Amino acid sequence: MMKDDLFNGMMDNRQKTKADRTLEAARKLFFEKGFVATSNREVAQAARTSKAAIYDHFGSMEGLLEAVITAEIERFDPGPTREIKSFDEFRETLVSFGTGMLAFLDLSETIRFSKIMHEQSRTHPKVTRLYFEASYVATANRVQAIIDAGLSFSNGKAISNAGERYISMLKGHRYEMAVLGLIHQPYPEPELTSAECFDAWFAERK
């Protein structure tokens, strides 16, 4: 690392707010230990701040967890969807989206985070509902919009909850296997998997 890069990195770290440092520390500890096993004292020490700062910025430890969830969900940002005017554009758009989604789900951090959410499902249903709606539901709605825009260019059939069903076909049960610790890498070839799913569902109009 160059001296200038090291200096800039140190300055960036100094310029981080207490909320930023708290969020980073909480994310690291939640991923390593789980939410229940992490105390406010540990977060405060890791963030070089105080327990009071957690409650000032996030209201509670549950509020801090919600902030971590929101930040994690925002990591998967496929960007704007362009206007679809042909079958080729329909295929490229949906295959690209599926590739990005599977590549994101393939990350070890994403898998660990899903494990945390499963652990909290009984004790913090409000938090896990936020996670479900902001990730699963939002992604299904995004896929539904792509399908609605491109369906007329293919021989695919309009069916109810197409976005949700398409995501289920993309994921299969390999992601759940990874969350359960049965496999380490659910999608070694995300682009190929995404392309195969598209071609299995849709056919170019003759």
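Only one entry of 174, 165, 142 meets the criterion of being out of contact with any strand residue (DSSP E or B) (no Cβ under 7 Å at 6 or more places or on another chain), basic (Lys, Arg), surrounded by 13 or more Cβ atoms within 10 Å (Cβ to Cβ) and free of Cβ contacts under 8 Å to residues at least 12 places away in the same chain, and that entry is 165. Quick check: is even one residue across region 92-106 farther than 26 Å from residue 173 by Cα and charged (D, E, K, R)? Checked against the condition, which is being farther than 26 Å from residue 173 by Cα and charged (D, E, K, R), region 92-106 yields no hits at all. Checking 90, 97, 104 one by one, the residue that is closer than 21 Å to residue 141 by Cβ, assigned by TED's automatic domain parsing to the domain that holds residue 140, part of a helix (DSSP H, G or I) and in contact with a strand residue (DSSP E or B) (Cβ under 7 Å, 6 or more places away or on another chain) is 90 and no other. Scanning region 30-64 for residues that are free of Cβ contacts under 8 Å to residues at least 40 places away in the same chain, closer than 25 Å to residue 110 by Cα and among the charged types (D, E, K, R) turns up 32, 33, 42.
Within the option set 86, 121, 108, 60, being surrounded by fewer than 19 Cβ atoms within 10 Å (Cβ to Cβ), hydroxyl-bearing (Ser, Thr, Tyr), over 23 Å from residue 196 (Cα atoms) and over 21 Å from the mean Cα position of the chain (by Cα) holds for one residue only, 60.
Would a scan of region 16-38 turn up a residue that is touching a His at 6+ places or on another chain (Cβ under 6 Å) and either at pLDDT 80 or above or outside any helix (DSSP H, G or I) (or both)?
Initially, region 16-38 is screened for residues touching a His at 6+ places or on another chain (Cβ under 6 Å), giving 19.
Narrowing further to those that are either at pLDDT 80 or above or outside any helix (DSSP H, G or I) (or both): 19.
Scanning region 16-38 turns up at least one residue that is touching a His at 6+ places or on another chain (Cβ under 6 Å) and either at pLDDT 80 or above or outside any helix (DSSP H, G or I) (or both).
Summed over region 40-86, the residues that are over 15 Å from residue 114 (Cα atoms), of a type outside the set (D, E, K, R) and assigned to a loop (DSSP other than H, G, I, E, B) give a count of 10.
Output yes when any residue across region 137-146 is under 13 Å from the mean Cα position of the chain (by Cα) and among the hydroxyl-bearing types (Ser, Thr, Tyr), and no when none is.
Quick first cut of region 137-146, residues under 13 Å from the mean Cα position of the chain (by Cα) only: 137-140.
Subsequent filtering for residues that are among the hydroxyl-bearing types (Ser, Thr, Tyr) retains 139.
Scanning region 137-146, I find at least one residue that is under 13 Å from the mean Cα position of the chain (by Cα) and among the hydroxyl-bearing types (Ser, Thr, Tyr), so the answer is yes.
The values are calculated or read from the model by the stated rules, or taken from the named source; none is laboratory data. Model, not experiment: these values are computed from the prediction. With ideal geometry, Cβ positions are generated from the backbone for all residues, glycine too; neighbour counts draw on all protein chains shown.
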